[in-house]
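Asks: Structure in structure tokens, see below.
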Amino acid sequence: MSVLPSTHVLPSPAVPAAPSATPCGGSPAPAVRTRVLHAVPTVEALPTVVGAGLRVPTLHGDTAYANLDHAASTPALETVKAAVDRALETYSSVHRGAGFASRLTSAWYEQARAEVATFVGARPDDTVLFTRTTTDSWALLSKALPSRTTVFVFGSEHHSTLLPWGRSRTVRLPVPQTLDDAYALLEEALVDHASRHRLVVVTAASNVTGEVWPVARFAHLAHAHGARIAVDAAQLSAHRRIDLAAWDADYVAFSGHKTYAPYGAGVLAGRSDWLDAGTPYLLGGGATRSVTEDGTAWATGAARHEGGSPNVIGAIALAAACATLRRHARAIEQHESRLLARLRDGLDGVPGVEVLSIFGNDSDRVGVVAFTVEGWDSALVSQVLSVEHGIGVRDGKFCAHLLVDELLEDPWGEGPATAVRASIGLGSTLEGVERLITAVAGLVEHGPAATWTRTSAGWVVEGPDPRDVEVERPW
Ligand SMILES: Cc1ncc(COP(=O)(O)O)c(C=O)c1O
């Protein structure tokens, strides 16, 4: 029986063999804290996603699925699926076994860490942790902060980035009107709230408007006042480069399921000192150096916060996504900017459509566009897009209630309470964008094709909902 796939290559010597911990008294864990710079050849073609040919039922029969919902979760990349399939053939424990498969799986886990370190532009002494999601990363960081750290966060943040720090130590800044306003608000707050440890938390790209925040400038401002900065890259990671070192930021977090690697891994990367001194996130096997009747000595480095058996498949999936995104960065940017330009231009031409923005029309954006359609409930718009046109978008307040409430504020109280969000990625096509524009224009001009009723469970189409088809379970 062949144990290894024929294409098997032994772990590259780039993975340091130096042991940093022996989790549960087992085999040494290779330590990877160091940025490994791989020069990757640029590939001009777009990488493909799993399910690119998906067809979905609509009122008018099957149609190609127009995926305009990447800001919620991205599909998996084909390269990610291939990496996972391959890793599963030798799947074994991480840092807990002496067998060959365990050794190989452990090495791949640490290589995945090195790949992610490169993807985020980590400095040699940064720690790169695998978590579950951005939400999980912030929960970890929040627990590891030195006591009495003051956290500064804008009301425009996603709830996962707004809330984990605890109300008593959070200075919540208002949703800014302009970028200059944002700097001024932050500077004033930093001057007003002196404390030994301070952390500014900002998003790299808004999950509502797609607007890109110039994090390097915020980092400069934070550091000028002796504070650290943590960057929420959940909406940036699939679209643009994350660069901790170039931004001079202290921490960054992002999610695999928004980065074409939906296998349950996320990342927190950044300065080691607070992480090494902070309370271990998951107390248990793997996070300890030694346990005796007299006490527990906790590990430092990644092991400290990665108690329990790690999600190695998630880590490998994420590393594969990072490698692919780096390789295809130019092609991805061209594809997305073309689709985004058409989406914005098309929506601009539809009467009654209002695109949400914090900093104004000309601000730099990734492919995330939230909009309202005058006279139409956003929940109905998104249902019509799905049922009548086979388009996937999201509606609501996108877990950013303070921001959406602010942007939709209507002095007469009659404005729409929620918005529709179309978000672009590698699963989106120009045809899908055109279909969305045509569908919204058609809705404004003629109303929906079907009859819709609002119920306590939301909008319901008259007659059978075409999406209620019987589909076999995948297991
Ligand atoms: C900007 C931003 N931050 C944080 C999160 C939370 O990410 P996750 O649900 O992967 O924890 C999201 C999710 O939509 C987001 O868009």
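Asks: So is residue 391 closer than 18 Å to residue 339 by Cα and out of contact with any strand residue (DSSP E or B) (no Cβ under 6 Å at 6 or more places or on another chain) or not?
Replies: On the way: closer than 18 Å to residue 339 by Cα: yes; out of contact with any strand residue (DSSP E or B) (no Cβ under 6 Å at 6 or more places or on another chain): no.
For residue 391, the condition - closer than 18 Å to residue 339 by Cα and out of contact with any strand residue (DSSP E or B) (no Cβ under 6 Å at 6 or more places or on another chain) - is not met.
Asks: Now for a separate question. Return the total of residues in segment 55-89 being over 27 Å from the mean Cα position of the chain (by Cα), closer than 30 Å to residue 448 by Cα and of a type in the set (D, E, K, R).
Replies: Start the filter on segment 55-89 by keeping residues that are over 27 Å from the mean Cα position of the chain (by Cα), which leaves 57-63, 89.
After this cut, where a residue has to be closer than 30 Å to residue 448 by Cα as well, the list is 57-63.
Add one more test, that the residue is of a type in the set (D, E, K, R), and what stays is 62.
Summing the residues that are over 27 Å from the mean Cα position of the chain (by Cα), closer than 30 Å to residue 448 by Cα and of a type in the set (D, E, K, R) in segment 55-89 gives 1.
Asks: Could you tell me whether any residue of segment 100-110 is part of a loop (DSSP other than H, G, I, E, B) and in contact with a strand residue (DSSP E or B) (Cβ under 7 Å, 6 or more places away or on another chain)? Let's see the steps before the verdict.
Replies: Within segment 100-110, the subset part of a loop (DSSP other than H, G, I, E, B) is none.
No, there is no match, as no residue in segment 100-110 is part of a loop (DSSP other than H, G, I, E, B) and in contact with a strand residue (DSSP E or B) (Cβ under 7 Å, 6 or more places away or on another chain).
Asks: For segment 100-107, does any single residue satisfy the condition of being closer than 30 Å to residue 429 by Cα and either within 16 Å of the ligand (Cβ to nearest atom) or of a type in the set (D, E, K, R) (or both)? Outline the logic, then answer.
Replies: First pass over segment 100-107, keeping only residues closer than 30 Å to residue 429 by Cα: none.
No, there is no match, as no residue in segment 100-107 is closer than 30 Å to residue 429 by Cα and either within 16 Å of the ligand (Cβ to nearest atom) or of a type in the set (D, E, K, R) (or both).
Asks: Check segment 421-435 and report whether any residue there is part of a helix (DSSP H, G or I), hydrophobic (A, V, I, L, M, F, W, C) and under 18 Å from residue 350 (Cβ atoms). Break it down into steps so the answer makes sense when it comes.
Replies: Of the residues in segment 421-435, the ones part of a helix (DSSP H, G or I) are 430-435.
Checking which are hydrophobic (A, V, I, L, M, F, W, C) leaves us with 430, 433.
Cutting the leftovers down to under 18 Å from residue 350 (Cβ atoms) gives us 430, 433.
Yes, because at least one residue in segment 421-435 is part of a helix (DSSP H, G or I), hydrophobic (A, V, I, L, M, F, W, C) and under 18 Å from residue 350 (Cβ atoms).
Asks: I'm trying to understand the selection: among the residues of segment 148-177, which are touching a Gly at 6+ places or on another chain (Cβ under 7 Å) and not hydrophobic (A, V, I, L, M, F, W, C)?
Replies: Within segment 148-177, 172, 174 qualify.
Asks: Let me ask you something else. Of the residues that make up segment 90-102, is at least one under 21 Å from the mean Cα position of the chain (by Cα) and not assigned by TED's automatic domain parsing to the domain that holds residue 388? Walk me through it before giving the result.
Replies: Of all residues in segment 90-102, those under 21 Å from the mean Cα position of the chain (by Cα) come to none.
No, the conditions are met nowhere in segment 90-102.
Asks: Please go through segment 116-126 and give me each residue that is more than 10 Å from residue 315 (Cα to Cα) and crowded, with 24+ Cβ neighbours inside 10 Å, ordered by number.
Replies: Matches in segment 116-126: 117, 119, 120, 122.
Asks: Related question: Of the residues that make up segment 286-303, is at least one in contact (Cβ under 8 Å) with a residue 24 or more places away in the chain, charged (D, E, K, R) and crowded, with 17+ Cβ neighbours inside 10 Å?
Replies: Checked against the condition, which is being in contact (Cβ under 8 Å) with a residue 24 or more places away in the chain, charged (D, E, K, R) and crowded, with 17+ Cβ neighbours inside 10 Å, segment 286-303 yields no hits at all.
Asks: Further, regarding this structure: With the condition kept exactly as written, say whether any residue in segment 247-266 is among the basic types (Lys, Arg) and more than 15 Å from the ligand (Cβ to nearest atom). Give the derivation first.
Replies: We begin by selecting, within segment 247-266, every residue among the basic types (Lys, Arg); these are 258.
Adding the requirement that they be more than 15 Å from the ligand (Cβ to nearest atom) leaves none.
No, segment 247-266 contains no residue that is among the basic types (Lys, Arg) and more than 15 Å from the ligand (Cβ to nearest atom).
Asks: Among the helices (runs of 4 or more DSSP H) confined wholly to segment 264-327, which include 2 or more residues that are under 20 Å from the mean Cα position of the chain (by Cα) and at pLDDT 95 or above? Reasoning before the result, please.
Replies: Values: elements: 272-277, 302-305, 312-327.
So the answer is 312-327.
Asks: May I pose another question? Give segment 360-393 a look and list any residue that's of a type in the set (D, E, K, R) and touching a Leu at 6+ places or on another chain (Cβ under 9 Å), or say none. Can you show your working first?
Replies: Taking segment 360-393 first, the residues of a type in the set (D, E, K, R) are 362, 364-365, 374, 377, 388.
Residues satisfying the conditions are 365, 388.
Asks: Determine which member of the set 49, 15 is at pLDDT 95 or above and of a type outside the set (Asp, Glu). Please lay out each step first, then the result.
Replies: On the way: 15 fails: at pLDDT 95 or above.
The match here is 49.
Asks: So how many residues does segment 229-241 have that are within 13 Å of the ligand (Cβ to nearest atom) and farther than 14 Å from residue 134 by Cα? Walk me through it before giving the result.
Replies: Taking segment 229-241 and keeping what is within 13 Å of the ligand (Cβ to nearest atom), we get 230-239.
Applying the additional criterion that residues be farther than 14 Å from residue 134 by Cα yields 239.
Selection size over segment 229-241: 1.
Asks: Filter segment 429-450 down to the residues that are over 28 Å from the mean Cα position of the chain (by Cα) and closer than 14 Å to residue 58 by Cα and list them by number. Reasoning before the result, please.
Replies: Filtering segment 429-450 for residues over 28 Å from the mean Cα position of the chain (by Cα) gives 438-439, 441-450.
Listed by number, the residues that qualify are 439, 448, 449, 450.
Asks: Please pick out the residue among 277, 320 that is of a type outside the set (D, E, K, R), under 30 Å from residue 102 (Cα atoms) and touching a Pro at 6+ places or on another chain (Cβ under 8 Å).
Replies: Values: 320 fails: touching a Pro at 6+ places or on another chain (Cβ under 8 Å).
Result: 277 is the single residue among 277, 320 that is of a type outside the set (D, E, K, R), under 30 Å from residue 102 (Cα atoms) and touching a Pro at 6+ places or on another chain (Cβ under 8 Å).
Asks: I'm trying to understand the selection: among the residues of segment 173-209, which are free of Cβ contacts under 8 Å to residues at least 24 places away in the same chain and buried (at least 17 other Cβ atoms within 10 Å of the Cβ)?
Replies: 173, the sole residue that qualifies.
Asks: Additional query: Given (1) away from the ligand (no atom under 16 Å from the Cβ); (2) without any contact (Cβ under 8 Å) to a residue 60 or more places away in the chain; (3) in contact with a strand residue (DSSP E or B) (Cβ under 6 Å, 6 or more places away or on another chain), where does residue 220 come up short, assuming only one miss?
Replies: Result: residue 220 passes all but (3).
Asks: Yes or no: segment 391-406 includes at least one residue that is surrounded by 14 or more Cβ atoms within 10 Å (Cβ to Cβ) and more than 24 Å from the chain's Cα centre (by Cα).
Replies: no
Matching residues to (1) closer than 30 Å to residue 71 by Cα; (2) of a type in the set (Gly, Ala, Ser):
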position: 229; (1), (2): yes, no
position: 232; (1), (2): yes, no
position: 273; (1), (2): no, no
position: 278; (1), (2): no, yes
position: 312; (1), (2): yes, no
position: 327; (1), (2): yes, no
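The values are calculated or read from the model by the stated rules, or taken from the named source; none is laboratory data. Please read these numbers as outputs of a predicted model, since none were measured by experiment. So basically every Cβ, Gly included, is an ideal-geometry build from the backbone, and we count neighbours across all protein chains shown.
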